[in-house]
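Only one structure is covered here, and it is reproduced in the block below.
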Amino acid sequence: MPSEETNLIEIHSYPTPNGVKIMILLEELQVPWRHVDVNIRLGEQFTANYIALSPNNKIPAMLDPNGPGGQPLALMESNAILWYLAEKHGAFLPQDAAARYDCLQWMLFQSSHVGPMIGQANHFNNHSDVQYGRDRYNHEVTRLYRVIDTRLASNEWMAGGSYGLADIALHPWCRNRQHVQIDESSHPHFMRWFDAVDARPAVERANAQAKEIRARMDRASDRGEKIDLYNTRDNLERLSRAVSAS
Ligand SMILES: N[C@@H](CCC(=O)N[C@@H](CS)C(=O)NCC(=O)O)C(=O)O
């Protein structure tokens, strides 16, 4: 439900899986929100204003003008943002304590394993010809899909017995599977779950919006001066410049 009004929850982001998961939750909650484009292909994550919201210069960040105590709240880390929004609106997070910890552990599994390993696999598959790196991360991603399929063999949803934050955090990461051999016959439980989440109207809406936003931001980066996201030395310099300017 993106809107142009002010006083809305702002998602400062680019529609990668970490950005899309927030859009999915906001659509599930039917909370009005606004996307503020932070074009990581143009280096906008290194501006002093953005770093004030998101000190690790990564997307997404959230700004809720009406946070705890009625004060504005800025947050980085996509799963912290999911947790905050779910608590604020009292949905998609189990009430029962054991089920909440179950949800938390699978969200941490996503942010500490699935996201970083798929990120590294994409890097070596698309931006390097180092076979060792490709093998290492593709094998790790394959192993993680096995963990997910095994989990879903005895659970309808990733955590807590019902659809919720753990599914929302994980699902956008599992869309592009071109470098791993995952199909109905080898991972039937994963496929059943992926299709069930994919068919939810809120997920369809968020994905349609992500497609539009991505097209708009890609047009902007095709016109602008793109940076090499993978150049860690340049990124350190960009960060130092932004921090000294603030
Ligand atoms: N653990 C973080 C990961 C955030 C992250 O890695 N964001 C990437 C895009 S998915 C980014 O901002 N990359 C830009 C850069 O590295 O400069 C989260 O879940 O929010």
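The values are calculated or read from the model by the stated rules, or taken from the named source; none is laboratory data. Bear in mind that the values here come from a model prediction, so they are computed numbers and not experimental data. Every residue, glycine as well, gets a Cβ built from its backbone with ideal geometry; the counts of neighbours run over all protein chains shown.
Report the residue count in segment 41-74 for those that are of a type in the set (A, V, I, L, M, F, W, C), over 23 Å from R205 (Cβ atoms) and either touching a helix residue (DSSP H, G or I) at 6+ places or on another chain (Cβ under 9 Å) or not assigned by TED's automatic domain parsing to the domain that holds E237 (or both).
Residues that pass the stated criteria total 6.
Assigned by TED's automatic domain parsing to the domain that holds P55 and among the β-branched types (V, I, T): does that describe I182? If you could, list the steps in order and put the result at the bottom.
Values: assigned by TED's automatic domain parsing to the domain that holds P55: no; among the β-branched types (V, I, T): yes.
Answer is no for this residue.
Can Q110 be described as buried (at least 19 other Cβ atoms within 10 Å of the Cβ) and outside the structural domain of A220 (by TED's automatic domain parsing)?
yes
Determine whether segment 167-178 contains at least one residue that is farther than 24 Å from M107 by Cα, more than 16 Å from the ligand (Cβ to nearest atom) and in the same structural domain as C103 (by TED's automatic domain parsing).
Within segment 167-178, none of the residues are farther than 24 Å from M107 by Cα, more than 16 Å from the ligand (Cβ to nearest atom) and in the same structural domain as C103 (by TED's automatic domain parsing).
Considering segment 176-202 alone, what residues qualify as being modelled with pLDDT of 95 or more and in a loop (DSSP other than H, G, I, E, B)? Before the answer, list the steps.
Of all residues in segment 176-202, those modelled with pLDDT of 95 or more come to 187-202.
Hits for segment 176-202 are H187, A199, R200.
With the requirement that a residue be within 16 Å of the ligand (Cβ to nearest atom) and either in contact with a His (Cβ under 9 Å, 6 or more places away or on another chain) or within 19 Å of A215 (Cβ to Cβ) (or both), what does segment 26-44 give you?
Correct list: H35, V36, D37, V38, N39, I40, R41, L42, E44.
Is one or more of the residues making up segment 47-63 among the hydrophobic types (A, V, I, L, M, F, W, C), modelled with pLDDT of 95 or more, away from the ligand (no atom under 16 Å from the Cβ) and loosely packed, with under 13 Cβ neighbours inside 10 Å? I'd like the intermediate steps shown before the answer.
Let us first name the residues in segment 47-63 that are among the hydrophobic types (A, V, I, L, M, F, W, C), namely 48, 51-53, 59, 61-63.
Narrowing further to those that are modelled with pLDDT of 95 or more: 48, 51-53, 59, 61-63.
Narrowing further to those that are away from the ligand (no atom under 16 Å from the Cβ): none.
Taking every residue of segment 47-63 in turn, none turns out to be among the hydrophobic types (A, V, I, L, M, F, W, C), modelled with pLDDT of 95 or more, away from the ligand (no atom under 16 Å from the Cβ) and loosely packed, with under 13 Cβ neighbours inside 10 Å.
Which residues, counting only those in segment 222-232, are in a helix (DSSP H, G or I) and more than 13 Å from the ligand (Cβ to nearest atom)?
Taking segment 222-232 and keeping what is in a helix (DSSP H, G or I), we get 222-223, 232.
Residues satisfying the conditions are D222, R223.
Determine, yes or no, whether R192 is within 30 Å of A153 (Cβ to Cβ) and of a type in the set (K, R). Please lay out each step first, then the result.
Details: within 30 Å of A153 (Cβ to Cβ): yes; of a type in the set (K, R): yes.
In short, yes.
Could you say which residue among R238, R219 is charged (D, E, K, R), in contact (Cβ under 8 Å) with a residue 12 or more places away in the chain and more than 30 Å from L93 (Cα to Cα)?
Matching residue, one of R238, R219: R238.
Somewhere in segment 17-29, is a residue outside the structural domain of M158 (by TED's automatic domain parsing), in a loop (DSSP other than H, G, I, E, B) and either out of contact with any Pro (no Cβ under 6 Å at 6 or more places or on another chain) or in contact (Cβ under 8 Å) with a residue 40 or more places away in the chain (or both)?
No, the conditions are met nowhere in segment 17-29.
Mind telling me which of the residues G69, G133, G115 ends up being assigned to a helix (DSSP H, G or I) and within 16 Å of the ligand (Cβ to nearest atom)?
G115
Take the residues in segment 82-91 that are buried (at least 16 other Cβ atoms within 10 Å of the Cβ) and without any contact (Cβ under 8 Å) to a residue 60 or more places away in the chain, then tell me which one is farthest from the ligand (Cβ to nearest atom).
Step one: list which residues in segment 82-91 are buried (at least 16 other Cβ atoms within 10 Å of the Cβ), which gives 82-86, 88.
Okay, now just the ones that are also without any contact (Cβ under 8 Å) to a residue 60 or more places away in the chain, so 84, 88.
Numbers: Y84: 13, K88: 18 Å.
Here the answer is K88.
Restrict the check to segment 198-217 and report whether at least one residue is within 20 Å of I148 (Cβ to Cβ) and hydrophobic (A, V, I, L, M, F, W, C).
Yes: one or more hits.
Return only the number of the condition from (1) surrounded by 18 or more Cβ atoms within 10 Å (Cβ to Cβ); (2) in a helix (DSSP H, G or I) that Y163 does not satisfy.
Tallying (1) surrounded by 18 or more Cβ atoms within 10 Å (Cβ to Cβ); (2) in a helix (DSSP H, G or I), Y163 fails exactly one: (2).
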